[in-house]
Amino acid sequence: MDIKIPPSKDLEFLSGEDLGILIKKKFPKTKIIISTTYNDNLRINNILENIKPNSLLTKNDINSEELVLAINTVLNSKKSYYSNSVLKIMKDKIPTGYLLDKIDRRLLYEISLRATNKEISDIIGLSISAIEKRKRKLNNIFGVKNRNERKLIFKAKNKGFI
């Protein structure tokens, strides 16, 4: 599967990450191999923690032999397979609390649509103070100072969260 897919019409799935989480939940024995263009520490660690794929490959590492090796490894040896870029990122674990959950990803999506805190509150079902707290957390995670929502959305898009 790919991470960079458009949101579903009902916005239940904002990316391939949401789809992968659902697949793992409904079909826990399903083997998931993910290919993505993202090679950022935060994005890769979110994928690894939230989906727990059997294989994760960055597209800049993939060639036909690498893909066949990943598929054979996952299907035949019951081991996981990660491309070199992913292995390198895995060594540099991000601190606990820096992972984004589905609510964080939906919040980013709604901010990108310029929704107000009240509108977001109605959509997500959190209080306005809880939304503000999550926004502060997201600004911290993405290194955005002065609560600049435009910069936050720009960084979140570049890292593949929107």
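So the label point goes 7 Å from the Cα of LYS93 along Cα→C-beta, right? Which residues of the stretch 29-51 then have their backbone N under 14 Å from it?
From the stretch 29-51, the list is 45-46, 48-50.
For the stretch 16-91, compute Rg over Rh where Rg is the Cα radius of gyration and Rh is the Kirkwood radius from the inverse mean 1/r over Cα pairs.
On the Cα set of the stretch 16-91, Rg over Rh gives 0.94.
Considering only C-alpha atoms, what is the centroid distance from the stretch 130-162 to the stretch 1-54, in Å?
Taking the Cα centre of the stretch 1-54 as reference, the centre of the stretch 130-162 is 20 Å away.
Read through the labelled values (1) 14.7, 39; (2) 16.7, 51; (3) 16.3, 56 and report the label of the one computed as Rg and Dmax of the Cα atoms in Å from the structure.
This structure yields the entry labelled (2).
Please sort 71-81, 56-66 by packing, taking for each peptide the average over its residues of neighbouring beta carbons within 10 angstrom, highest first.
Highest mean packing first, the order is 56-66, 71-81.
What dipole magnitude, in Debye to the nearest 20, does the chain give about its Cα centre under +1 on Lys/Arg Cβ and -1 on Asp/Glu Cβ?
Dipole of the chain, to the nearest 20 debye: 420 debye.
Nothing charged except the Cβ atoms of Lys and Arg (+1) and of Asp and Glu (-1): what's the magnitude of the dipole of the stretch 16-91 about its Cα centre? Round to the nearest 20 debye.
Roughly 400 debye for the stretch 16-91.
What distance in nm lies between label points placed 7 Å from Cα along the C-beta direction at ALA115 and THR30?
So the label points at ALA115 and THR30 sit 2.5 nm apart.
Every read-out reported here was derived from the displayed coordinates using simple, explicitly stated rules and does not represent laboratory data. Because the structure is a prediction, the values reported are computed rather than measured. Because the Cβ atoms are built from the backbone with ideal geometry, glycine has one as well, and the counts that use them run over all protein chains shown.
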